[in-house]
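Trainee: Take this structure first; my questions come after.
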Amino acid sequence: MVNENTEEIEKAFLERERLDSLINSMTDGVIALDQDLKVVVYNGAALNILDLNGSIENKQIDNVLKPIDEGKHPVIVSEIIKNSPVGFETRDFSLVYDDGSHSAVYLSIAPVHNGYGKGGVEGYVLLLRDITHEKSLEEERSEFISVVSHELRTPVTIAEGSIGNAMYVVQKGAKPEIIIKALEAAHDQVLFLATMINDLSTLSRAERGKLTLEVETINVHRLLEELVASYKPAADAKHLTIDLEVDPRLETVQSSELYIREILQNFVTNAIKYTEEGGLTVSAQPGTNGVAISVHDTGIGISKKDQKKIFEKFFRSEDYRTRKNTGTGLGLYVTMKLIKIVKAELKVESELNQGSTFTVIFPNMGVPTP
Ligand code: ADP
């Protein structure tokens with residue numbers, strides 16, 4: 001008899017240990033409550049998410065779990081339990097910590113019935129998960145979609161209006177110049193849409209880590225000569241000079257030619273866009289392990305405040321001289337992604353009304369792919 005009892009106790013003890021280690025190895029916070037809504041079991045993850053370090057056993061749930069809702073109103077968990085006989089689940093609550101920081105949490109509450117549902121409610125089990133990261137990704141994604149659709153709508157509306165106008169003036173037998181002017185306005189907007197779609201597609205590939213890196217030996221002289229030659233017509237059209245200054249000691253660099261070209265093209269396009277007088281200089285010097293390439297312009301410059309933001313998604317300066325040029329505000333954001341892929345360093349020097357210099361130090365990236 002005594003033996004049987006000891007065995008029973010040992011068995012129960014073992015069961016309890018097994019349960020404890022099971023809930024303690026869960027990454028979600030678990031809190032079990034009795035009928036009076038007092039804590040009977042909890043795990044380390046629960047303490048973590050509640051940011052508590054003492055025992056919470058026997059404490060009333062409203063004294064340990066104090067979430068706020070989306071409107072920042074305090075939520076009384078015991079009220080929710082009373083009003084949700086079949087359980088409750090939400091992703092819209094947050095916890096506020098002593099230092100003022102917030103965590104978005106997933107909370108689920110389920111009643112626990114003894115004897116598989118027969119009889120009354122015996123207690124409750126609460127699951128808690130920190131979903132701050134997921135939430136911020138969701139928010140960023142929905143903000144991105146709303147900004148992109150807004151940015152796409154404007155050129156589509158203008159192009160649609162201009163084509164409608166062209167059709168109208170054709171019917172009225174207008175002069176070809178008037179028709180061409182309306183079509184040119186539509187064409188400009190379609191070109192802008194094409195640039196934007198291009199930027200978006202590079203961006204999406206970069207964000208999904210789909211941009212592969214092919215390291216090759218690049219002749220910097222040739223690369224920069226081609227770059228400057230390809231932008232000469234655009235600079236000439238605005239009566240700007242475009243010069244190339246390459247240190248004669250400079251030879252080659254091992255990196256991705258495709259990405260280096262794309263990075264520099266973005267800087268040169270901007271330099272031409274945001275310069276009304278003078279011109280731009282592309283220069284290159286050998287660095288300790290690679291090459292430093294600068295694009296300097298004598299343009300409108302960038303204020304100190306804006307310099308902190310120009311690499312953000314969709315950022316465009318409020319300066320009217322920026323706004324009179326079309327732009328997506330995505331160019332430098334994408335450029336920054338590419339700069340990271342080729343492990344380059346970037347330096348921006350700029351003064352309002354004096355001009356800007358974007359310098360990128362491209363390191364040798366090791367053995368080129370054959
Ligand atoms: P955008 O399509 O507007 O040119 P970017 O991401 O390429 O977008 O640049 C972001 C913003 O940075 C621009 O709108 C402009 O305000 C500023 N900027 C970038 N390059 C220059 C430059 N060379 N001179 C002056 N402002 C610049």
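The values are calculated or read from the model by the stated rules, or taken from the named source; none is laboratory data. In this text, all values refer to a predicted model and were calculated from it rather than measured experimentally. Note: ideal-geometry Cβ built from the backbone for every residue, glycine included; neighbour counts use all protein chains shown. Surface accessibility is based on the protein's heavy atoms, side chains included, excluding ligands, DNA and RNA. Shrake-Rupley method; radii C 1.70, N 1.55, O 1.52, S 1.80 Å.
Trainee: Non-local amide H neighbours of Gly290 (under 5 Å, H modeled in plane, Pro and chain starts lacking H): which ones?
Mentor: Asn364
Trainee: Okay, moving on. Going Cα to Cα from Lys304, which aspartates and glutamates come in below 20 Å? Please leave out same-chain ones fewer than 8 positions away.
Mentor: Once the sequence-local aspartates and glutamates are set aside, what remains near Lys304 is Glu312, Glu318, Asp319, Glu345, Glu349, Glu351.
Trainee: Full extension from Asn325 to Glu216: what is 0.36 nm times the residue separation minus their Cα-Cα distance, to one decimal in nm? Please list the in-between numbers first.
Mentor: On the way: separation 109, 0.36 × 109 = 39.24 nm, distance 3.55 nm.
Using 0.36 nm per residue and subtracting the Cα-Cα distance, I get 35.7 nm.
Trainee: Tell me, what is the FRET efficiency for His73 and Leu37 to the nearest 0.05, using R0 = 22 angstrom and their Cβ-Cβ distance as r? Show your work: numbers first, answer last.
Mentor: On the way: r = 20 Å, r/R0 = 0.93.
Once the sixth-power term is evaluated, E becomes 0.60.
Trainee: Once the Cβ-Cβ distance between Ile179 and Asn289 is put in as r, and R0 is 56 Å, what FRET efficiency do you end up with, to the nearest 0.05?
Mentor: Values: r = 58 Å, r/R0 = 1.03.
About 0.45, to the nearest 0.05.
Trainee: Could you order Asp69, Asp36 so the one with the most accessible surface comes first? Probe is 1.4 Å. Intermediate results must be reported in sequence, preceding the final value.
Mentor: Details: Asp69 45, Asp36 105 Å².
Sorted descending by solvent-accessible area, the residues read Asp36, Asp69.
Trainee: Kindly sort His221, His239 by accessible area of their heavy atoms, largest first, with the probe set to 1.4 Å.
Mentor: Highest to lowest solvent-accessible surface, that is His239, His221.
Trainee: Where Rh denotes the Kirkwood radius from the mean inverse Cα pair distance, what is Rg over Rh for the range 327-370?
Mentor: On the way: Rg = 13.7 Å, Rh = 12.4 Å.
Ratio of gyration radius to Kirkwood radius: 1.10.
Trainee: As a test of reading the structure, rank Val291, Val75 by solvent-accessible area (1.4 Å probe, protein chains only), most first. If you can, show how the numbers build up before the last one.
Mentor: Working: Val291 0, Val75 25 Å².
These residues rank, largest area first, as Val75, Val291.
Trainee: Given a 1.4 angstrom probe, what's the average accessible area per residue across the range 132-209, in square angstrom?
Mentor: 70
Trainee: Let me ask you something else. Could you pull out every whole DSSP H run in the chain that spans at least 15 Å of Cα extent along its own axis and averages 1.0 or higher on the Kyte-Doolittle scale? Before the final figure, lay out each step's value.
Mentor: Details: long enough: 2-24 (33 Å, -0.88); 132-171 (58 Å, -0.25); 176-207 (45 Å, 0.44); 220-237 (26 Å, 0.07); 257-273 (23 Å, 0.12); 331-341 (16 Å, 1.14).
Qualifying helices: 331-341.
Trainee: Sticking with this structure for a sec: Could you pull out the pairs from Lys135/Lys308; Lys308/Lys343; Lys210/Lys273; Lys11/Lys38; Lys135/Lys313; Lys38/Lys82 whose alpha carbons sit more than 22 Å apart here?
Mentor: In this structure, Lys135/Lys308; Lys210/Lys273; Lys11/Lys38 lie more than 22 Å apart at Cα.
Trainee: Taking only Cα atoms and a 10 Å spring cutoff, compute GNM fluctuations for the chain and point out the largest among Lys309, Lys66, Lys175.
Mentor: With Cα springs under 10 Å in the chain, the top fluctuation among Lys309, Lys66, Lys175 is at Lys175.
Trainee: Along the three principal axes, how long is the range 191-234 when you take its alpha carbons, biggest first, rounded to the nearest angstrom?
Mentor: The principal-axis extents, from largest down, are 33, 30, 8 Å.
Trainee: Right, something else. At a 1.4 Å probe, what is the % contribution of carbon and sulfur to the accessible area of the range 132-209? Mind dumping the intermediate values first?
Mentor: Values: 3340 of 5480 Å².
Here it works out to 61 percent.
Trainee: Still on this model: Taking only Cα atoms and a 10 Å spring cutoff, compute GNM fluctuations for the chain and point out the largest among Val295, Val268, Val77.
Mentor: Val77
Trainee: Would you please give the residues with an amide H less than 5 Å from that of Thr326, counting only those at least 5 places away or on a separate chain, with H modeled from the backbone geometry?
Mentor: none
Trainee: Another question, if that's okay. Using 0.36 nm per residue, how much length does the chain from Lys238 to Ile197 gain when fully extended, once their Cα-Cα distance is taken away?
Mentor: Values: separation 41, 0.36 × 41 = 14.76 nm, distance 2.58 nm.
Between Lys238 and Ile197, full extension yields 12.2 nm more.
Trainee: For the range 34-102, which whole-number percentage of the solvent-accessible area (1.4 Å probe, protein heavy atoms only) is attributable to carbon and sulfur atoms? Display every interim value, and only then the final one.
Mentor: Values: 1910 of 4240 Å².
The C+S portion of the solvent-accessible surface of the range 34-102 is 45 percent.
Trainee: Sticking with this structure for a sec: Could you tell me the largest-minus-smallest coordinate of the C-alpha atoms of the range 2-130 on each of the three principal axes, in descending order and whole angstroms?
Mentor: 59, 32, 21
Trainee: So, R0 is 51 Å and r is the distance between the beta-carbons of Met167 and Glu138; what FRET efficiency does that work out to, to 0.05?
Mentor: On the way: r = 43 Å, r/R0 = 0.84.
Working from the Cβ atoms, E equals 0.75.
Trainee: While we're on this one: Take Thr252, project a point 7 Å from its Cα along the Cβ direction, then tell me which residues of the range 203-221 have their backbone nitrogen under 17 Å from it.
Mentor: Counting backbone N atoms under 17 Å from the label point, the list is 214-221.
Trainee: Ordered by packing density, taken as the mean number of other Cβ atoms within 10 Å over each peptide's residues, highest first, how do 9-17, 316-324, 352-360 rank?
Mentor: Working: 9-17: 10.1, 316-324: 13.4, 352-360: 18.4.
For the peptides 9-17, 316-324, 352-360, the packing ranking is 352-360, 316-324, 9-17.
Trainee: In addition: Any chance you could run the full-extension gain for Glu318 through Ser303? It's 0.36 nm times the residue separation minus the Cα-Cα distance, nm to one decimal.
Mentor: Working: separation 15, 0.36 × 15 = 5.40 nm, distance 1.06 nm.
Roughly 4.3 nm would be gained on extension.
Trainee: Okay, next question. Quick one: among Val246, Val125, Val228, which has the greatest mean-square fluctuation in a GNM of the chain with alpha-carbon springs under 10 angstrom?
Mentor: The residue with the greatest mean-square fluctuation here is Val125.
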